[in-house]
Amino acid sequence: MSASTRVRAVAVGLLTLSYPVLVYLGLGRFEPRWLALLLAGLALLRAIATRQPTWLAAAAGALLLALVTVVGNHALPLKLYPVLVNAVLLVVFCTSLIYPPSVIERLARLQEPDLPPEGVVYTRKVTQVWCGFFVLNGSIALVTALWASDAVWALYNGLIAYCLMGMLFAAEWLVRRRVRAGVIHG
């Protein structure tokens, strides 16, 4: 991976992570149509940073949300971006269950290329757990976009959702350690 590719990936990641807070802060200062530039910029960065069809479709979806925001000058399409991200991740993870290897198996094989059959079964289950997480998280993101205040939307999508992801990562790491210890000692 070249240095410019890494810089783009980091920029997209940071902008995606900070998006809810930036939108929340911007809504009190700017019309939604101007904040749509942030979403359009994020979509274009995503399109430049990847050549994967799924993420190109996500970028197109984000551009569509930005366009709807510009035309209607409403904040709701801006607030739907986290829902779109969760939907795309759900599609990626579910598709990998239908057409293996699963996303988590691919990640596991980066560290352990000769993953045993038990590891494949485990990574499939972890992928299913992440699918459930994306359904739940995307649903909450949708509820906050439609019915919660801008502050609650930003709090959930800009902090709580990330904390929940971190908790799921940590829980899976602990379970994986116990599973591996059981396999080694069992």
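The values are calculated or read from the model by the stated rules, or taken from the named source; none is laboratory data. From a predicted model like this one, the values you see are computed outputs, not experimental measurements. Here the Cβ positions follow ideal geometry from the backbone for every residue, glycine too, while neighbour counts run over all protein chains shown.
Can you tell me which residues in segment 120-149 are surrounded by fewer than 19 Cβ atoms within 10 Å (Cβ to Cβ) and either over 16 Å from the mean Cα position of the chain (by Cα) or assigned by TED's automatic domain parsing to the domain that holds LEU15 (or both)? Result: VAL120, VAL121, ARG124, LYS125, VAL143, LEU146, TRP147, ALA148, SER149. LEU89 fails exactly one of the following numbered conditions: (1) over 30 Å from GLY119 (Cα atoms); (2) at pLDDT 90 or above. What is the number of that condition? Here LEU89 clears every test but (1). Only one entry in LEU136, LEU78, LEU110, LEU65 is in a helix (DSSP H, G or I), at pLDDT below 95 and of a type in the set (A, V, I, L, M), namely LEU110. Of all residues in segment 81-104, those being of a type in the set (Phe, Trp, Tyr), touching a residue at least 40 places away in the same chain (Cβ under 8 Å) and either in contact with a Cys (Cβ under 9 Å, 6 or more places away or on another chain) or not in a helix (DSSP H, G or I) (or both) number 1. As for segment 16-31, it holds at least one residue that is farther than 16 Å from ALA66 by Cα and within 14 Å of the chain's Cα centre (by Cα).
Working carefully through the options LEU56, LEU115, find the one that is in a helix (DSSP H, G or I), free of Cβ contacts under 8 Å to residues at least 40 places away in the same chain and either assigned by TED's automatic domain parsing to the domain that holds ALA9 or out of contact with any strand residue (DSSP E or B) (no Cβ under 7 Å at 6 or more places or on another chain) (or both). Reasoning before the result, please.
Details: LEU115 fails: in a helix (DSSP H, G or I).
Unique residue meeting the criteria: LEU56.
Of all residues in segment 23-49, those that are surrounded by 17 or more Cβ atoms within 10 Å (Cβ to Cβ) and not basic (Lys, Arg) total 15. The set of residues in segment 150-171 that are crowded, with 16+ Cβ neighbours inside 10 Å and either of a type in the set (Ser, Thr, Tyr) or under 24 Å from SER96 (Cα atoms) (or both) comprises TYR156, ALA161, LEU168.
Yes or no, residue by residue, for (1) at pLDDT 95 or above; (2) among the charged types (D, E, K, R):
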position: PRO117; (1), (2): no, no
position: LYS125; (1), (2): yes, yes
position: GLN128; (1), (2): yes, no
position: VAL152; (1), (2): yes, no
position: ARG177; (1), (2): no, yes
